[in-house]
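Worksheet: one structure, shown below.
The values are calculated or read from the model by the stated rules, or taken from the named source; none is laboratory data. All values reported here derive from a predicted model rather than from experimental measurement. Cβ sites come from the backbone with ideal geometry, for glycine too, and all protein chains shown count toward neighbours.
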Amino acid sequence: MLMKIKALFPGSFIAVITGLAALFLAEHYNAPAMLFALLLGIALSFLHEETKCKAGIEFTASTILRIGVALLGFRIAFDDLTSLGWSTALLLIAAIGSTIIFGVLLSRAMGMSRRFGMLTGGSVAICGASAAMAISAILPNDKNKERDTLLTIIGVTSLSTIAMIAYPIIATSLGLNEYDTSIFLGGTIHDVAQVVGAGYSVSEQTGDLSTLVKLVRVSFLMPVVLMMLLALREQFKNDQQVDHKPHFPSFLIAFVVFMVINSLVDLPTVITEGATTISRFALVIAIAAIGMKSNLSKLTSVGVKPIILMVAETIWIALFIIVYLLCMKMMG
């Protein structure tokens, strides 16, 4: 045990230091910590080739990642789903489902893999970088998996930052009221932090409601990942070309357990906020480690198609929500 800890320490320590630096830069420049962590990790990618750091980087990019995703369950309770009403919940389900299907179909039409469409579509539809890492964790290993995950994280984080600035302006120009603006912001912006930034830039009430809408979207992460897992298991049941067949991950079970506990038990704020803080930091250092595992030559070889795909998915979910809200406005 001591030998294993000793082997993991150098790489894990580097990832933690990189994550702390990313959080400092994010707070100082008011920008996404995930993006800083990824970029700093890429800058340190040479460390992954160094034997002493490699094991710890691999551990952080896999095990710590799964811990961070599992702890997201403490952010969600069943009351969040019911408080918005069934019409809003059904709207979000339709928006998420259609975005993923659109991503898969467009990815295939553009000559890219179905799995890349699932990865980007799920990330855009649910919760950005966190969803990208959760979905990536269940995908079969292949030569492009880490490259595709990196591309997706960079793309959705950048688009989410743009949306944080642009979407409140769009909502105002369309004449959306406070409630509809909250549904639009929470239902379309990819990352939670950017939803918070956009919502509170409009008003405190909009910030509260849009964050709630976003958390309801996050609650669909595990059902979507589970459905993707079942689809992948069927697809690769007889495929010998992949390193492993998709399996039901323990972090999925943990996420559901934590969400049920948070729903049924009135947990002290210190526990829920502590779990949320740990989850956020775990995801930040995991992204830093993923960046360290990256190969820049692979990233530069993919062209503009992945960017076009993610932009198209972002436009799709935004238009889906806007059209619904405008239709309801005209009918009301």
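Residues in region 162-211 that are in contact with a Gly (Cβ under 8 Å, 6 or more places away or on another chain) and among the charged types (D, E, K, R): Asp191, Asp208.
Is it the case that Ser158 is surrounded by fewer than 23 Cβ atoms within 10 Å (Cβ to Cβ), within 19 Å of the chain's Cα centre (by Cα), under 29 Å from Ala37 (Cα atoms) and among the polar types (S, T, N, Q)? Steps first, answer last, please.
Working: surrounded by fewer than 23 Cβ atoms within 10 Å (Cβ to Cβ): yes; within 19 Å of the chain's Cα centre (by Cα): yes; under 29 Å from Ala37 (Cα atoms): yes; among the polar types (S, T, N, Q): yes.
Yes, satisfied.
Going by the conditions given, is Glu204 without any contact (Cβ under 8 Å) to a residue 40 or more places away in the chain and charged (D, E, K, R)? Criteria met by Glu204. In the set (1) within 27 Å of Ala288 (Cα to Cα); (2) out of contact with any Ser or Thr (no Cβ under 6 Å at 6 or more places or on another chain); (3) of a type in the set (D, E, K, R), the condition left unmet by Asp191 is number (2). Selection of first residues in region 140-151 that are over 10 Å from Phe116 (Cα atoms) and of second residues that are basic (Lys, Arg) and assigned to a helix (DSSP H, G or I), restricted to Cβ pairs under 6 Å at least 6 apart or on distinct chains, gives the following pairs, ordered by first then second residue: Arg147/Lys298. Here Leu309 clears all of (1) at pLDDT 80 or above; (2) outside any helix (DSSP H, G or I) except the condition numbered (2).
Report yes if Thr188 is more than 20 Å from Leu319 (Cα to Cα) and either modelled with pLDDT under 90 or surrounded by 20 or more Cβ atoms within 10 Å (Cβ to Cβ) (or both), otherwise no. Lay out the reasoning, then the answer.
Working: more than 20 Å from Leu319 (Cα to Cα): no; either modelled with pLDDT under 90 or surrounded by 20 or more Cβ atoms within 10 Å (Cβ to Cβ) (or both): yes.
No: the conditions fail for Thr188.
Annotation: Met112 fulfils all but one of (1) surrounded by fewer than 24 Cβ atoms within 10 Å (Cβ to Cβ); (2) more than 18 Å from Asp191 (Cα to Cα); (3) at pLDDT below 90; the unmet one is (3). The single residue among Ser160, Ser173 that is of a type in the set (S, T, N, Q) and free of Cβ contacts under 8 Å to residues at least 12 places away in the same chain turns out to be Ser173.
Do you know which residues across region 11-61 are among the aromatic types (Phe, Trp, Tyr), surrounded by 15 or more Cβ atoms within 10 Å (Cβ to Cβ) and in contact (Cβ under 8 Å) with a residue 24 or more places away in the chain? Once the filter is applied, which keeps residues that are among the aromatic types (Phe, Trp, Tyr), surrounded by 15 or more Cβ atoms within 10 Å (Cβ to Cβ) and in contact (Cβ under 8 Å) with a residue 24 or more places away in the chain, region 11-61 yields only Phe59. Mind telling me which of the residues Ser83, Ser98, Ser12 ends up being at pLDDT 85 or above and more than 27 Å from Ile162 (Cβ to Cβ)? The match here is Ser12.
Among the residues of region 81-101, is any more than 19 Å from Leu309 (Cβ to Cβ), in contact (Cβ under 8 Å) with a residue 60 or more places away in the chain and surrounded by 22 or more Cβ atoms within 10 Å (Cβ to Cβ)? Yes, region 81-101 contains at least one residue that is more than 19 Å from Leu309 (Cβ to Cβ), in contact (Cβ under 8 Å) with a residue 60 or more places away in the chain and surrounded by 22 or more Cβ atoms within 10 Å (Cβ to Cβ). Within region 200-248, count every residue that is modelled with pLDDT under 65 and β-branched (Val, Ile, Thr). Residues meeting the conditions: 1.
The numbered conditions (1) crowded, with 21+ Cβ neighbours inside 10 Å; (2) over 16 Å from the mean Cα position of the chain (by Cα); (3) over 24 Å from Thr314 (Cβ atoms) are all true for Asp142 except (1).
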